[in-house]
């Protein structure tokens, strides 16, 4: 039997879950850093006899330099990444194995680890396999397409740039995964972005989600529950911002200022009277804005409580379902996600409409 939530979810199929698009949007920049680091290292090495006599070692060092530059905010880890890639490349060189395979595998895995998002061993494996496959093809293309009569400098930079450009595609699987599913907030992120009074709902939602992981079987349910947790975090962030705005507007003080300006608007000076009247009008609109902020705050708080209550109910239901096979997994998950997503879209539409009306 089709539930109400399923019908509503199909009716608004264009609604997308809350996802951070930072990984894919930032991917070209990180790939550019990889290529730039490899090319610069190759240019420096080409100025020495190393690339001319041992191009495999030169390529290894250029790959190491490129992978270490993927995330400038983790420069503290760059020496370790470069050393690990260079060491594995040297081992492959000593045993006369294809150097590009060993160096690219380690570079792809460690470059994925360097990303700001939380990665696991699957991401590292995908990064290693992607970097190995693409770098091997790029090295073959470079040796085939680049003329042998090129100066060492141009040959080194061209080869390193091609291998780095291809090898950096190993970051793509992780970026797609990050943007293809909701990213749970980390405790450090919660501590950094939320004040103390706004943290407990998010921390409880995270704890409930982790507690339910042992009982969740299917991937869609796990993703749905993770998205609900991200909504709790997002709503608490919104709640904190709205409370800050409300604190900036003291209704008693604004009301007293309105009364004072209205009382003095009968001044004999036309300019003063006009300015006092305009001041009172602005302050009255300020109170109207405050009333709208209060409505948004109450909606955000209610949605946050709603999402948290569902997480708690779902965890208990999944526990029962594991003990009693006749019980079902959370049937209202789609309905809950529909309400959270549609409310966010409606809120954005209301704010856009308010901004347009304010301009007219």
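One residue alone among 262, 222, 195 is modelled with pLDDT under 90 and within 21 Å of the chain's Cα centre (by Cα), and that residue is 222. Only one entry in 216, 228, 232 is at pLDDT below 90, under 23 Å from residue 197 (Cα atoms) and crowded, with 16+ Cβ neighbours inside 10 Å, namely 228. Checked against the criteria, residue 206 counts as farther than 20 Å from residue 28 by Cβ, modelled with pLDDT of 90 or more and assigned by TED's automatic domain parsing to the domain that holds residue 314. The selection criterion, being under 30 Å from residue 200 (Cβ atoms), in contact with a helix residue (DSSP H, G or I) (Cβ under 8 Å, 6 or more places away or on another chain) and surrounded by 12 or more Cβ atoms within 10 Å (Cβ to Cβ), does not hold for residue 262. Within the stretch 37-86, being surrounded by fewer than 22 Cβ atoms within 10 Å (Cβ to Cβ), touching a residue at least 40 places away in the same chain (Cβ under 8 Å) and either closer than 19 Å to residue 98 by Cβ or outside the structural domain of residue 161 (by TED's automatic domain parsing) (or both) holds for 55, 56, 57.
The values are calculated or read from the model by the stated rules, or taken from the named source; none is laboratory data. Keep in mind that this is a model prediction, so the values were computed, not measured. Cβ atoms come from the backbone with ideal geometry, glycine included; neighbour counts cover every protein chain shown.
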